[in-house]
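The values are calculated or read from the model by the stated rules, or taken from the named source; none is laboratory data. Everything quoted here is computed from the prediction, not taken from an experiment. Methodologically, a virtual Cβ is constructed for each residue, glycine included, from the backbone with ideal geometry; neighbour enumeration extends over all protein chains shown.
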Amino acid sequence: MLTGHLVEALQLLQQVQALAAIPNPARLETSQALLEEALRHMQLLHLEASKSEFHPTPAFTAAVRTLRRQLQHTQRLLEQASLFFEGWARLKASLTCGYDAHGNPAPAEEIRRGLAEA
Amino acid sequence: MSNLLTSLISTAQALGVFERALVVSQNNVANVSTPGYAAQRMILHAAEFDPSTGLIGGVQAGEIETARNLYAEQNVRRQRESLGYYTELAHSLAAVESYFDVTGRQGIPAALSNLFQAFSAWSLEPGSLPAREQVIQRAGELADAFHQVAEGMARAAADADRQLRQTVGKINEIGQQLYEYNVARRSGGMDDAGLDTRIHAALEELSELVNISVLHQPDGSVTVLIGGQSPLVIGASLYRISVQFDLPADPPPVYAAAPAPARIVASEGRDITSLVTQGSLGGLLEMRNQVLASLAGDAYHAGDLNLLAKAVADRINELLTGGWVSEGPPPVSGVPLFTYNSAGDAVVAQTLALNPAANAQNLAAISPGPPYVGNGVALQLAELAEPRRQQDMIGGYSYAAFFGRLAGSVGSRLAEAEANRAFRADTTAQARELRQQLSGVSLDQEAILILQFQRAYQANAKMLSLLGELTEAVLGMIR
């Protein structure tokens, strides 16, 4: 049962990674649902593992470490995409609206408009 | 009649403009699979219309607009710079790692262990000729083991030197191409989509070799700066770089007998090595000037391998020469077991050898003391396997543990480089997708896309963070 939850979480995470490779809002929404499912499996796994009769095998320990590595990889992948959009927004803002009193790029009018529309 | 003629002229002009716009669209369709191609669009302007003054209106062709997003292009180049760096580093480290066995079953750790066992056997029977011969044989094997690793490092350095020359040649070659494209751009190729594609493809290829900054000039040419400072191409001028392996006068070399580090030199003779931090060239420099230098030494580093070889040889020689072969009278002192080139600490491993004067008869087993111990030296030598005294260690580590740390650091650097290479391969693919997403999107669409993305990202990031916490909690239970 424990291994089943772990395998499920790993598979879901692999799907999230594939989605993060082409990051756009629609794909991120899909990945959010997958992450919720992975979270559910991990919660159950955590619950099972908390029981006193739990004795992890080396294979199980290795699989949890793999899960951790995959999580870190996915996190970094999404951060890269986020940094890209953040940088682009800042660059556009600095080109169109100059700087605010603190020297940061002032919010662009189109971003404000987009915010209102979204 | 004149009105009909005017209408016909206006229609004919419009057809001509639409035909040109259609050619631009056809070119986009034809290049849909061309790597690095960015779609173009012709801007149409309404012509002035005033029949009373003879202005017949209609449509006029404007400038050709590209869908290329330079920010997204730069992002792709940044990822490729990093990918090039880690790919090269991982490849070079993998070639070196085989010399640093962590299992202890072969190479230097096995030879060290065998020698210490031979010392131990000798200490039990200090007068035994076979035990003494075994010591001589094992000492020769240890010297051979150091040679093999030192030769492996020398081969890796020679490979790195050859690749450095090739990479620098390739960088200059792409620089030459960019120079030619700049000339073509200045000679009226501003709207040439094919030329634009070739320029960006060349810049992308260059970024995998070296970290560059690209400035787009109003005349359509590109300025390429290595490390953001040293020019490679400015307009119609090419500034070739070169790689040199000679010893600079400043700073003066510490170990003159050891190889000089590699230096990248700009066309005017300035050393720009420190500017090269990414791309294959950055990876090769890191391997050649940092990793290999720290292991096998160069003009400025003794190298850990040499440090180990020297420490082992000096300590064993010190113990043997401080002992007696026989008590005499007069007492006969022992001879050193090892020799090495004393020209510099950075060449010890490659010159370490069994002392030709050492043989089974003149190994000193007696410690004159006080107290006098018949097998005292042999015992002290056997204790080097698990030392308790600082003089038998390097920085608090036994010789075997010191080598283990060295091998471990090579292994962990390789694992780190492999992980980063895999990650950068993914981020490079991702950057290309992001470039595609932003290509040709209107500013309003872009603004909405950014907002929607950031919201979805935050939700995903929160989920990933929770998953991370749960994973750590499970790992905490396992430990």
Checklist entry - Looking at (1) closer than 24 Å to A:Arg90 by Cβ; (2) at the interface with another protein chain (Cβ under 8 Å from one of its Cβ atoms); (3) modelled with pLDDT of 85 or more; (4) surrounded by fewer than 20 Cβ atoms within 10 Å (Cβ to Cβ), which is the one condition that is false for B:Gly468? => result (1)
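Residue-by-condition table, conditions (1) modelled with pLDDT of 75 or more; (2) within 30 Å of B:Ala201 (Cα to Cα); (3) part of a helix (DSSP H, G or I):
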{"site": "B:Leu5", "(1), (2), (3)": "no, no, yes"}
{"site": "B:Val24", "(1), (2), (3)": "no, yes, yes"}
{"site": "B:Val32", "(1), (2), (3)": "no, yes, no"}
{"site": "B:Gly36", "(1), (2), (3)": "no, yes, no"}
{"site": "B:Ile43", "(1), (2), (3)": "no, yes, no"}
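Test A:Glu8 against the criterion of being among the acidic types (Asp, Glu), crowded, with 17+ Cβ neighbours inside 10 Å and assigned to a helix (DSSP H, G or I), and give yes or no.
Working: among the acidic types (Asp, Glu): yes; crowded, with 17+ Cβ neighbours inside 10 Å: yes; assigned to a helix (DSSP H, G or I): yes.
Yes, satisfied.
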Item to check | Close pairs from region B:116-136: first of a type in the set (Gly, Ala, Ser), partner assigned to a loop (DSSP other than H, G, I, E, B), Cβ under 6 Å, at least 6 apart | outcome: B:Ser123/B:Asn375; B:Ala131/B:Glu125
Checklist entry - Out of B:Ile272, B:Ile316, B:Ile264, which single residue is of a type in the set (A, V, I, L, M), more than 15 Å from the chain's Cα centre (by Cα) and closer than 30 Å to B:Glu204 by Cβ? => result B:Ile272
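Surrounded by 15 or more Cβ atoms within 10 Å (Cβ to Cβ) and more than 19 Å from B:Gln74 (Cα to Cα), is that true of B:Leu434?
Working: surrounded by 15 or more Cβ atoms within 10 Å (Cβ to Cβ): yes; more than 19 Å from B:Gln74 (Cα to Cα): no.
No, not satisfied.
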Checklist entry - What are the residue pairs meeting all of these: first residue in region B:410-436, first residue facing another protein chain (nearest Cβ under 9 Å), second residue of a type in the set (Phe, Trp, Tyr), Cβ atoms under 6 Å, and 6 or more apart or on different chains? => result B:Leu434/A:Phe84
Checklist outcome for this item: Going through region A:66-90 in order, the residues found to be more than 7 Å from chain B (Cβ to nearest Cβ) and charged (D, E, K, R) are A:Arg69, A:Glu79, A:Glu86, A:Arg90
Checklist entry - Can you tell me which residues in region B:337-381 are farther than 30 Å from B:Ala257 by Cα and either aromatic (Phe, Trp, Tyr) or surrounded by 20 or more Cβ atoms within 10 Å (Cβ to Cβ) (or both)? => result B:Leu363, B:Ala364, B:Ala365, B:Ile366, B:Ser367, B:Tyr372, B:Gly376, B:Val377, B:Ala378, B:Gln380, B:Leu381
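Which one of A:Leu35, A:Leu28, A:Leu39, A:Leu45 is assigned to a helix (DSSP H, G or I), at the interface with chain B (Cβ under 7 Å from one of its Cβ atoms), of a type in the set (A, V, I, L, M) and more than 27 Å from B:Ile478 (Cβ to Cβ)?
Numbers: A:Leu35 fails: more than 27 Å from B:Ile478 (Cβ to Cβ); A:Leu39 fails: more than 27 Å from B:Ile478 (Cβ to Cβ); A:Leu45 fails: more than 27 Å from B:Ile478 (Cβ to Cβ).
Result: A:Leu28 is the single residue among A:Leu35, A:Leu28, A:Leu39, A:Leu45 that is assigned to a helix (DSSP H, G or I), at the interface with chain B (Cβ under 7 Å from one of its Cβ atoms), of a type in the set (A, V, I, L, M) and more than 27 Å from B:Ile478 (Cβ to Cβ).
Name the single residue that is nearest to B:Ala407 (Cα to Cα) among those in region B:74-108 being among the polar types (S, T, N, Q) and within 14 Å of chain A (Cβ to nearest Cβ). Please lay out each step first, then the result.
Just the residues of region B:74-108 that are among the polar types (S, T, N, Q), to begin with: B:74-75, B:79, B:82, B:87, B:92, B:98, B:103, B:106.
This time we only want the ones that are within 14 Å of chain A (Cβ to nearest Cβ), so: B:74-75, B:79, B:82.
Details: B:Gln74: 38, B:Asn75: 36, B:Gln79: 30, B:Ser82: 25 Å.
Step by step, filter region B:74-108, then rank; the result is B:Ser82.
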Checklist entry - For B:Asn362, all conditions in the list (1) over 29 Å from B:Glu151 (Cα atoms); (2) of a type in the set (S, T, N, Q); (3) not in a loop (DSSP other than H, G, I, E, B) hold save one; what is the number of the exception? => result (3)
Checklist entry - What number of residues in region A:48-77 are crowded, with 17+ Cβ neighbours inside 10 Å and among the small types (Gly, Ala, Ser)? => result 2
